[in-house]
Amino acid sequence: MNVLRQHAEEQFAHELEEITKQDKNTRPTSWNLSPQAVVQYLMGGKLPNGFEVSPKYIGNRRLMEIAVATLTTDRALLLYGLPGTAKSWVAEHLAAAISGNSTLLVQGTAGTSEEAIRYGWNYAKLLAEGPSENALVTTPMMQAMRTGKIARIEELTRITADVQDTLITILSEKTLPIPELNMEVQAVRGFNVIATANNRDKGVNELSGALKRRFNTVILPVPETMKEEIEIVQHRVSSLQKALELPAEAPALKEIQRIVTIFRELRAGVTADGKTKIKTPSSTMSTAEAISVVNSGLALAAHFGDGRINAEDLAAGLVGAVVKDPIQDKVVWNEYLETVVKTREDWKDVYRACKEIVL
Amino acid sequence: MPLTILGIRHHGVGSTQNVIEMLEQTQPDMVLVEGAPELDSIISWIGNEQLRPPVAVLGYNIDEPQQATFYPFAEFSPEWQAILYANNRQIPVKMLDLPLAIGFQQNKNEKESNIVEEPNPEDSESIVPPPIHKDPISYFAEIAGYENSELWWEHHFEHNYISNSAKEHFDAVMLMMSELRHANIPSVLDEENIAREAYMRDIIRKTQNELYSNIVVVCGAWHAPALLDVDSTAKADTKLLKSLPKTKIKVATTWIPWTNQRLSMHSGYGAGITSPGWYDFLWKKGKQKDFAIEWLSHVARLFRKKQVDISTAHVIEAFRLAETLTSLRGLSRIGLLELNEATQTVMCMGDTVLLSLVKDKLIVANRLGEVPDELPKVPLQLDFEKLAKSNRLALTAEKKDYELDLRKELDLNRSKMIHRLDILEINWGQKLYARSKGTFKEAWTLAWKPEMYLSLIDKAVWGNTLEDACTKYLIDTSQKSQNIGKIANNIQKAIPAELFVAIEFLLKKIDEVATISADILDLMTALKPMVEVSRYGNVRKTDLGAIRQIVDSLLTRICIGLPNTCYGLDDDNSRKVFEHIQQVNEATRLIENDELTQLWFDTLKKLLNKEGIHSIIQGCTCRLLLDAQEMDTEETAERFAWALSQGQEPSFSAGWLEGFLKGSGVILIYDHVLWNILYKWVAELSQEYFTELLPILRRTFSHFVPNERQQLGEKAKAGTIIQSQELTTINENFNHQRAESVLPMLETLLGITRL
């Protein structure tokens, strides 16, 4: 198939199949895998028969264990954190591994209505036949309840508070009443919800106390060590490169190291050696952005350069990622360039390339 | 002669439970517990109702109390329970380790030899880096796939207490340790351990010779294999023990209250624990089936107390998550890590901030032990405890704030006590700024640390009561000193502590020293504390007349001596004097005695006109006089111009400038006359002088705040400033009559009444 991006359960179908074969532990009702196997799928590693599972989440194993354990209880899972800390990514893979289906997805926006979560009506049918099950438009949530699968809600906190509250009955009573038809849809065992929310964004709706109580919260942190972050960027870039069919050479580790260093330093407000204090920009500087900077660099190198990624290719994306606010961030970025980048002997090319881009 | 060796982890709960079981099984007629033999007599207190853990045995060198070791015990410590078991059944107990005295002696010898070796620090030794030691147990932990050895040990030996399997437990420990030792895996304490284990074996042999037939030894797991064979090692041990240093050090021991926080300290017993509160809970409740639920409801209660809404449903959910996590990880019992993760995920919205509260209050649990009153104590310690009780100051490990109103009897006594302890260098109280103004208020934060007992014992030689000890300590330290600053400082401390005998002595002493002292600088340092005392001390019902006199005489002496002291100083010394002058200047403002203040300004003027005074000091005095409005701006400008004029040596000008501008350049921003002089001076400097002076000028200007520097820079860009503002105000057609008619109204508005 020629789709731009495959669903997790399609892209990693082979891995899931192998893990299912090897999985000896007990599975909760309607789960495709045992909890241990789900954690293994996320963290990667070698199966007993030598099959290599690629890591989906690079970071603390304990966090993934908590997330999976939560889904076996009747509490829903809320993945919380800065933009770009792999919340949606983890949610997608959890759903793929547990239910074999990551598509039961409600995208949360300020305009998400109750109908998008509970059910809607096909008005033509409603008028023609009157209220009947036939005239009902089901939502991913309702489907997940009926089939005992995992439903996903992206950006939960962007949904307005009154719409959020419709989730309370679903999460605590595990039922979806349809008063118009005098019936209800009761969730089948195996149903659960994974929601993601970020705590940096502007214009978010705080969760109400009642709803909070229905979620176990796992905060996904920014990568702890430089090594971990480089690993993430490298891993993702090479897999995306395949998907986007970029002809460029594999990105040089050196360039990735430099990008990650810049991102980490600006995020932490201090240089990697801990000696120099620097200002932090208003942008989030997440790992996901580092990945996209490397990717756009790759694309530039492939289409306009010699196919090998270098400082010039990265500079444009880098500046765009850092400078989100044209006034404040520009000051921050220039200071960083002059005081940190310029002084590093082997970073001369980065400095020159960034200087050339006039903001 | 059966010899049962029980290898334990210090403070390990599972070890303790197994030790108890094993003791019941073997019914020994002698128990040997790891610890210095000097502790033999003091451990008989274990079992006394008033000795409540956490407590520690403090063993110290009688002649040098600072040389000391603590042996901390919690209720759940295997050592504690083993001794308790023996004491309750009248079974003899002895301690088993190298005597403290020998250890102290070794330390001393090392220190002395270090001093000798110092001149040659880069010996061949430093070339060989010390081998990096790894915790031996971590080899097992790594094979089992654990992150660290603590966790592995905890899961396998402390957490999984299964009743009626104590023998298997200790066999397993013994086997494991023997394997590690056979594999020659080094431990950090190797060298020390050789002597310690030899001594331990020696004690076991002696005990066997006393015909005890059923001996149980409780010791750290690592030592266990070494104690198995006591017969074939006898000869080698005797030889080794002979090589140990001879010592005459006398060691005294006493019980002191300990805190949970400090159970993690590495002292005496090498190992510490990080979660004593959790262990304590496990010890008391661990055998119950639903201990995890109880723990979580403790957590919930704690949160509720802090106004965090936590419902019973939270507890249920947290428990379920913890349980699921445990089974997901293939563990047999819920551990602290799982409980913490469940708490964080369910109750804290994933946040770690609230979890730190659980850590402080439950996992570590700030607790302070108690010791019986009738314990042998030094008199000073007794007096201190009596005072603390009567002043109702609790010796808690937690920080507690007090706001004292010194007009009240109790509060005054409390303040006195804290100040007195401060004199003995026991910093129990941290002074805070009292919120309300007024000198009768004092705010303190008190936090008791067990090692403060050590300081008390250390200071016991000075006297048997706190008052006595402080007085003698102050008098003694001042007696030896000819330094007025130090004595003045002591007075400053003695007044809030109300040590009248000491104050009287110190006043006499300072007067005496001041009269004969030729060092004006010394007098100058003493002035400020003395002035402060005279101003603020009066709340304390102290006789201040004497202090005022001393202040007066001090200042008079300074005024007389200062011009000569300043004569012919070099750069560095001038800067020092310069700082002293500033201090005295500040102090004179506080004295509020016109006559003396005038005397001081006259002295400054003298300095200004005297030949041979360093330019830094002259610049400084000029500035001080200007600030005090003792010199008008015109005269200042004149002097400024004079100092920077062509004829002066450029280095003189630079020094003068440094003194004048020290601290702030604001004056240059607002006074255009001074600015123009400076600008011209810099512009006319020849190139070689300029490079020479640059460092001095830079030093002067670099002390200004960045904002000031920037403004000065802007000004420098503009060059000399023509005094345009002043010119514009001159108006030939000015009608004075009209202008004056506004004044009465202005006065009414501003509330100024004409005199």
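What follows is calculated from the coordinates using simple rules that are stated; it is not laboratory data. Computed from a prediction, not measured in an experiment: that's the story for all the values here. In this analysis, Cβ positions are derived from the backbone assuming ideal geometry, glycine residues included, and neighbour counts consider all displayed protein chains.
For chain B, would you read off the P(r) tail past 42 Å as a percentage of all alpha carbon pairs?
The proportion of pairs with Cα distances above 42 Å equals 55 percent.
Please list, or write none, the lysines whose alpha carbon is within less than 22 Å of the alpha carbon of B:LYS680, excluding same-chain residues fewer than 8 places away.
B:LYS662, B:LYS715, B:LYS717
Taking all pairs of distinct Cα atoms, average 1/r, flip it, and tell me the Kirkwood hydrodynamic radius of the range B:288-364 in Å to one decimal place.
Final number for the Kirkwood radius of the range B:288-364 is 12.3 Å.
Of the lysine pairs in the range A:8-219, how many meet both conditions: Cα atoms under 29 Å apart, and a spacing of 8 or more in sequence or different chains?
25
Compute the helix-to-body angle for B:291-305: its Cα long axis versus the longest principal axis of chain B, expressed 0 to 90° and rounded to tens.
Roughly 20 degrees between the two axes.
Any idea what angle helix B:736-750 forms with the longest principal axis of chain B, computed on alpha-carbon atoms, 0 to 90 degrees, nearest 10?
Taking the Cα atoms of chain B, the angle to B:736-750 is about 30 degrees.
So what's the gap between the Cα centers of the range B:384-398 and the range A:145-210, to the nearest angstrom?
About 57 Å separates the Cα centre of the range B:384-398 from the one of the range A:145-210.
When you look at the Cβ of every residue in A:75-84, what mean number of other chain Cβ atoms sits within 10 Å?
2
Normalise the Debye intensity by I(0) for the range B:379-462, one equal point scatterer per Cα, no solvent, then take log10 at q = 0.16, 0.20 Å⁻¹ and round to two decimals.
-0.60, -0.92
As a quick test, which of the pairs B:LYS386/B:LYS472; B:LYS359/B:LYS431; B:LYS528/B:LYS606 have an alpha carbon distance above 24 angstrom in this structure?
B:LYS359/B:LYS431
May I ask for the net charge around B:LEU282, where only other residues with Cβ less than 12 Å from the Cβ of B:LEU282 are counted and Lys, Arg are +1 while Asp, Glu are -1?
With Lys, Arg at +1 and Asp, Glu at -1, the neighbours total -1.
Take each of the peptides B:143-151, B:100-108, B:654-662, A:268-276, average the number of other beta-carbon atoms within 10 Å over its residues, and list them starting from the highest.
In descending order of packing, they fall as B:654-662, B:100-108, B:143-151, A:268-276.
Rounded to the nearest 500, what is the 222 nm mean residue ellipticity of chain B from helices alone, with -39500 (n - 2.57) per DSSP H run of 4+ residues and division by all residues?
Counting only the DSSP helices, I get -17500 deg cm²/dmol.
So how do B:ARG589, A:ARG214, B:ARG181 line up by other beta-carbon neighbours within 10 Å, fewest first?
B:ARG589, B:ARG181, A:ARG214
Once the cut-off is 18 Å, how many percent of the Cα-Cα pairs in the range A:226-356 end up in the long-distance tail?
Result for the distance tail: 50 percent.
Calculate the dipole size of chain B relative to its Cα centre from +1 charges on Lys and Arg beta carbons and -1 charges on Asp and Glu beta carbons; express the result in debye to the nearest 20.
Once rounded to the nearest 20, the dipole reads 1760 debye.
Semi-axes of the equivalent ellipsoid of the protein assembly as shown: what are they in whole Å, largest first, if each equals the square root of 5 times a C-alpha gyration tensor eigenvalue?
Equivalent ellipsoid semi-axes, largest first: 63, 53, 32 Å.
When Lys and Arg each count +1 and Asp and Glu each count -1, what net charge do the other residues less than 14 Å away from B:LEU39, Cβ to Cβ, add up to?
My count for the surroundings of B:LEU39 gives -4.
Say the cut-off is 21 Å between C-alpha atoms; which of B:LYS94/B:LYS377; B:LYS508/B:LYS605; B:LYS284/B:LYS361 go over it?
Flagged as over cut-off: B:LYS94/B:LYS377; B:LYS508/B:LYS605.
Lysines near B:LYS108 by alpha-carbon distance under 23 Å, same-chain residues fewer than 8 away left out - which ones?
Hits, sequence-local ones excluded: B:LYS239, B:LYS242, B:LYS246, B:LYS248, B:LYS250, B:LYS459.
Give, as a single signed number, the net charge of other residues whose beta carbon lies under 10 Å from the beta carbon of B:PRO78, with Lys and Arg counted +1 and Asp and Glu -1.
Taking every Cβ under 10 Å from that of B:PRO78, the sum is -1.
May I ask you to list the aspartates and glutamates whose Cα is less than 15 Å away from that of B:LYS285, ignoring any residue fewer than eight positions away on the same chain?
B:GLU75, B:GLU158, B:GLU294
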